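First the structure, in the form of structure tokens, and then the observations on it.
The values are calculated or read from the model by the stated rules, or taken from the named source; none is laboratory data. What you see is a predicted model; the values in this text were computed from it and never measured. Quick reminder, even Gly has a Cβ in these numbers, built from the backbone with ideal geometry, and neighbours come from all protein chains shown. To get the accessible areas, we keep the full protein, side chains included, count just its heavy atoms, and leave off ligands, DNA and RNA. Shrake-Rupley method; radii C 1.70, N 1.55, O 1.52, S 1.80 Å.
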Amino acid sequence: MHTDERDRLAALELLHSFGEQVLPGALRRIAAWKQLARAELPELTRDLLQELAVDCLMHPREVVALTDAGRYERWIRLAERWIYRFYVRPRVPPARPAGQPSASLPEVATTVLPELPSHWIRLGNGRTNLTASAVRDGRSLPSLQRELERLLRHVGGGAEHDAFWRARLAEALTGLAADLLRQRGAVHLLPERRARPDPGRRLQRIRVLGRRFHVRRATIDARRVVRHWHRAGALDAADAPLGLLRDAVRVWPRSSVAWLWLGEAHCARSEFAATLRAVRAHRRLLAPQPGRAVLLRARVLEARGRLAAALALLARAARRWPHEARLRRALAAVSG
């Protein structure tokens, strides 16, 4: 194993400990300071752990070399900045001239760009109608779209903004699919404490995330995904979990969790070749999750009647990655 890879794994292991021992208390203090609702903490925790994992992958040697105190200070500082940028600042109402009403709908405030020309036509929900604006100004729609892209880059809402919210949307789609699979009894999970499936809350999260994608050519696929899953009856279809997960990896192909749940959905349908294709796609990512992937491969072997091979695979993987508690628990459960 290369040194960089060892450092990445060590950094992620340190982040796991931080997430269990330090982050919950730190987030409660930050939430009280920034006046965030306690109900937001679980979602905020998931988002922050993903962002801090990026720090581990981008700067593994620096993270590992720090003392515990220095590492905690670094990650808490990053967490505070991230919370301010993506939770606090979007909720600050825009400045208005004196004498004008200051109240505005929160969803409008998060989707209207501050520097859009005032003469552009806006819809009732606060979004810009580019087609109507282009017609009124006597310009082509592509020309107006290029201007919008320039404005977005100027305010930090270009590719980096899209990448961040695409990752969040893929996470929400994956969570919704996982809840549906659990509700339908389609997956076998290791015994551990989990929140009860709540598809309604997941769907609401997807609706909120949909407002983060401004109407532009670069976001049309994400906006279509959000619209599709809010259609009546979309979640009732037998293949809804599979469709959600396909959309998740289409929206954000770098999501290791989405690829593995896609494999789970295929495995639940006895589509084992497709299951292994998802595992291979996951393996090519920058930060794969080898323990989870091994469990999925072992499940395929077991389903094909090769229980001994599945046990041998789990045993080898448990020796190779001794820090993977899931592998040890799975091996103990199957062997016992």
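Being exposed (fewer than 13 other Cβ atoms within 10 Å of the Cβ), farther than 26 Å from CYS267 by Cα and either at pLDDT 95 or above or hydrophobic (A, V, I, L, M, F, W, C) (or both), is that true of even one residue in the stretch 228-244? Checked against the condition, which is being exposed (fewer than 13 other Cβ atoms within 10 Å of the Cβ), farther than 26 Å from CYS267 by Cα and either at pLDDT 95 or above or hydrophobic (A, V, I, L, M, F, W, C) (or both), the stretch 228-244 yields at least one hit. When the stretch 149-185 is filtered for residues that are hydrophobic (A, V, I, L, M, F, W, C), modelled with pLDDT under 90 and open to solvent by less than 10 Å² (accessible area, probe 1.4 Å), only LEU152 remains.
Kindly list, by first and then second residue, each pair from a residue in the stretch 185-198 that is under 12 Å from GLU264 (Cα atoms) to a residue that is not small (Gly, Ala, Ser), limited to pairs with Cβ atoms under 7 Å and residues at least 6 apart or on different chains. From residues that are under 12 Å from GLU264 (Cα atoms), the pairs are VAL187/LEU181; VAL187/GLU264. Please work out if LEU130 is of a type in the set (A, V, I, L, M, F, W, C), surrounded by 15 or more Cβ atoms within 10 Å (Cβ to Cβ) and at pLDDT 80 or above. When the stated conditions are applied, LEU130 does not pass them.
Would you be able to say whether some residue in the stretch 314-336 is within 18 Å of VAL257 (Cβ to Cβ) and among the β-branched types (Val, Ile, Thr)? No, the stretch 314-336 contains no residue that is within 18 Å of VAL257 (Cβ to Cβ) and among the β-branched types (Val, Ile, Thr). When the helices (runs of 4 or more DSSP H) confined to the stretch 245-336 are screened for residues that are among the aromatic types (Phe, Trp, Tyr), at pLDDT 90 or above and open to solvent by less than 50 Å² (accessible area, probe 1.4 Å), those reaching at least 1 such residues are found at 256-268, 272-283.
Evaluate the stretch 187-194: report whether one residue or more is more than 19 Å from ARG46 (Cβ to Cβ) and of a type in the set (Lys, Arg). No; the residues of the stretch 187-194 include none that is more than 19 Å from ARG46 (Cβ to Cβ) and of a type in the set (Lys, Arg).
Identify all residues within the stretch 20-64 that are without any contact (Cβ under 8 Å) to a residue 12 or more places away in the chain and in a helix (DSSP H, G or I); write none if there are none. Passing the criteria: GLU20, GLN21, GLY25, ARG29, ALA32, TRP33, ARG38, ALA39, VAL54, MET58, GLU62. Here PRO197 meets each of (1) at pLDDT 80 or above; (2) in a helix (DSSP H, G or I) with one exception, condition (2). Within the stretch 20-40, being open to solvent by 70 Å² or more (accessible area, probe 1.4 Å) and at pLDDT below 80 holds for ALA32, TRP33, GLN35, ARG38, ALA39. When GLU62, GLU43, GLU5 are checked against the criterion of being at pLDDT 75 or above and either hydroxyl-bearing (Ser, Thr, Tyr) or open to solvent by 90 Å² or more (accessible area, probe 1.4 Å) (or both), GLU62 stands alone in meeting it.
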